[in-house]
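To start, the structure itself, in structure tokens.
Taken together, the values in this text are just the output of simple stated rules run on the coordinates, not laboratory data. The shown structure was predicted, so the numbers you read here are calculated from the model rather than taken from an experiment.
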Amino acid sequence: MHIAVVGKYIQLIDAYKSMYEALKHAGAAHDCAIEVLRVDAEHIEKDGAEKHLKGVAGILVPGGFGNRGIEGKILAAQFAREHKIPYLGLCLGMQVAVIEFARNVCGLKDANSTEFDAKSPHPVICLLEEQQGVQTKGGTMRLGAQPCKLIDGTKSRDLYGAEEVSERHRHRYEFNNAYRDQLMKSGLIVAGRYAKLDLVELVELRDHPWFIACQFHPEFLSKPNQPHPLFRGFIEAALKQEVS
């Protein structure tokens, strides 16, 4: 089964090592072999998504920083959404999915993250309030384990089988709550929140068989004998995609 990983550090295998291991754990749990198709996001920018992603059983966009290849990642999220391919977004992978949805479903032209376009008319992803004006960045990110309250009736809640979980973070940018209602009216589901600051941690799509993206890094908690629930669910959905 082919799983496409769309990133900008594809040639550096260790850059996504924990994520690749988490995919192996989930594959073993479902007794299936996973062949990872490593796709450079810049190649998608150049050639289009279909050339590189057609026929894959699932699409995963991992975390990262900087704007190189970002439009290719957004195109990958769009391809997964439009073709009903299982999608798992991790950290930046969630942010690009939100940007894509805002642009192409909600009609918010030039929606973006302020990380990539500080003058975006629709900053659906923006800098954490406490990060405003920070110059010395070492150790100032949202780091480490944070609680996430899962919303009843969502795929994420069913996968975790818990009302609240703790997941690890490493980022500065977040979902902009000023756009939450508008995006939700168009079919975005908020599946998990950090209640203390009302931060969106997990999103799903209403009209998609399996599209989940999280602000955190679930790969860090996956184990060979206990695959992470989101990876396990992703591979299960990809297996169904392959059969269909």
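Overview of values
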| quantity | calculated |
| --- | --- |
| Proximal aspartates and glutamates to residue 84, defined as alpha-carbon separation beneath 18 angstrom and excluding residues fewer than eight positions away on the same chain | 50, 100, 204, 207, 236, 242 |
| 3J(HN,Hα) from dihedral phi, the stretch 201-217, Karplus parametrisation 6.51/-1.76/1.60, rounded to Hz, x for glycine, proline | 10, 9, 10, 9, 10, 5, 9, 8, x, 6, 9, 10, 9, 10, 7, 9, 10 |
| Qualifying lysines (Cα of each under 18 Å from Cα of residue 223; at least 8 residues distant if same chain) | 17, 24 |
| Extension gain from residue 31 to residue 197, taking 0.36 nm per residue of separation minus the Cα-Cα distance | 55.8 nm |
| Set 185/240; 46/149; 149/185 screened for pairs whose C-alpha atoms are more than 32 Å apart | 46/149 |
| For the chain: span of alpha carbons on each principal axis (Å, largest first) | 48, 41, 37 |
| Most mobile listed residue (19, 94, 184) in the chain, GNM with C-alpha springs under 10 Å | 184 |
| Quarter of Cα convex hull surface for the stretch 162-240, i.e. mean projection, nm² | 6.3 |
| Axial C-alpha extent at least 20 Å, average Kyte-Doolittle at least 0.0 - helices from the chain (DSSP) | 229-243 |
| Theoretical ellipticity at 222 nm over the chain - DSSP helices of four or more residues, -39500 (n - 2.57) apiece, nearest 500 | -9500 deg cm²/dmol |
| Length-normalised contact order for the stretch 191-244 - Cα pairs under 8 Å, 6+ apart - percent | 19 |
| Value of relative contact order over the chain, rounded to a whole percent, pairs C-alpha under 8 Å and six or more apart | 23 |
| Gyration tensor (alpha-carbon) shape descriptor, the stretch 4-86, a/c threshold 1.5 | oblate |
